[in-house]
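Working notes, structure below.
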Amino acid sequence: ELRQALHPGKFIDYVINKSAESKPLAAALGLEKPDFRMRDVELFIRYFAFQYFLPSYSGNLKSFLDNTCKHFNVNWDKVEEDIQKKAVALDTAIETTVSIFGIDSFRKWDGKKYENRFNRAIFDVMVYYFTEQQIMKAAIEDKSKVVKGFKNLCETNADFIKSIEVTTKSIGATKARLTLWGEALSQALSIKIRIPKVGK
């Protein structure tokens, strides 16, 4: 709500409307109506920020999201079409994750069971990679390998666990979880996956 007040514009208006219309996101968050805390809106903004500006991430998530809103508000006429395409891709990425993990989507595996709590850091990395058509198709074809790869990462990699539950906002944590999950996916699916550059 504060970000909406501080950075009003066409991009923010679009994200608020689109997140409210997104049935996949509402299902993932367990929402029956738009969230009064606007978690759904924030997840949309995080997604666009990760898609466009990861190389410039400084470790300050608030500034990162604020600057994303400012940029797209100012340049809305130039980016509107691409933003709309990426919004569709986000819904598809959420649906892909749910088709693989079911009710356990976007939750940490503790070695015995999935936690009940929705994890934003896991959401970030899942939708980042599943917006890529090649990765999405390969993952749907080999769902069990994706699940096995994720569980193994949670069970054996302390850096990954730290990056999704202890310190999630730093450059190091952001880079670690994107890199480690990208590499795990690549190995599980036997395909080459480009790992994004994070931070300057």
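Placing +1 on the Cβ of every Lys and Arg and -1 on the Cβ of every Asp and Glu, with nothing else charged, gives the stretch 1-85 a dipole about its Cα centre of roughly 180 debye. Loop-resident GluC sites (Glu not before Pro) (DSSP state other than H, G, I, E or B) in the stretch 1-68 with no more than 14 further Cβ atoms inside 10 Å of their Cβ: Glu1, Glu32. Matching the structure-derived Kirkwood radius over Cα pairs in Å against the labelled list [x] 18.9; [y] 17.2; [z] 18.0 gives the label [y]. With the charge dipole of the chain set up from +1 on Lys and Arg Cβ and -1 on Asp and Glu Cβ about the Cα centre, the Cα lying farthest toward the positive end among the listed residues Phe101, Ser186, Ala28 is that of Ser186.
Compute the long axis of helix 76-101 from its Cα atoms, compare it with the longest principal axis of the Cα atoms of the chain, and write down the angle in degrees, 0 to 90, nearest 10. So the inclination is approximately 30 degrees. GNM on the chain, C-alpha springs below 10 Å: top fluctuator among Val74, Val98, Val125? Among Val74, Val98, Val125, the largest mean-square fluctuation in the Gaussian network model of the chain belongs to Val74. Of all the options Ala26, Ala176, Ala158, the one that moves most in a Gaussian network model of the chain with Cα springs shorter than 10 angstrom is Ala158.
Helix-only arithmetic for the chain: the sum of -39500 (n - 2.57) across DSSP H runs with n ≥ 4, divided by the residue total, places the mean residue ellipticity at 222 nm at -22000 deg cm²/dmol. I'd like the orientation of helix 120-130 relative to the chain: the angle between its Cα long axis and the longest Cα principal axis, in ° from 0 to 90, rounded to 10. Helix 120-130 sits roughly 80 degrees off the main axis of the chain. The C-alpha atoms of the chain define a longest principal axis, and helix 143-156 lies at about 90 degrees to it. For the chain, the Cβ-based charge dipole about the Cα centre amounts to some 520 debye (Lys, Arg positive; Asp, Glu negative; other atoms uncharged). Under a Gaussian network description of the chain, with springs only between Cα atoms under 10 Å, the residue in Tyr47, Tyr114, Tyr128 that fluctuates furthest is Tyr114.
Note that the chain presents 52 Å² accessible area per residue, ligands and nucleic acids not counted, probe 1.4 Å. Computed extension gain for Asp77 through Ala158, at 0.36 nm per residue and net of the alpha carbon distance, reaches 24.8 nm.
Leaving out ligands, DNA and RNA, and with a 1.4 Å probe, what % of the accessible surface on the chain is carbon or sulfur?
Values: 5190 of 10420 Å².
Reported share for carbon and sulfur atoms: 50 percent.
Taking a ≥ b ≥ c as the square roots of the eigenvalues of the alpha carbon gyration tensor, the stretch 122-200 is oblate, as a/c is not under 1.5 and a/b does not beat b/c.
The values are calculated or read from the model by the stated rules, or taken from the named source; none is laboratory data. Keep in mind that what you see is a predicted model, and the values were worked out from it rather than measured. In this analysis, Cβ positions are derived from the backbone assuming ideal geometry, glycine residues included, and neighbour counts consider all displayed protein chains. In case anyone asks, the SASA skips ligands and DNA or RNA and just uses the protein heavy atoms, side chains included. Shrake-Rupley method; radii C 1.70, N 1.55, O 1.52, S 1.80 Å.
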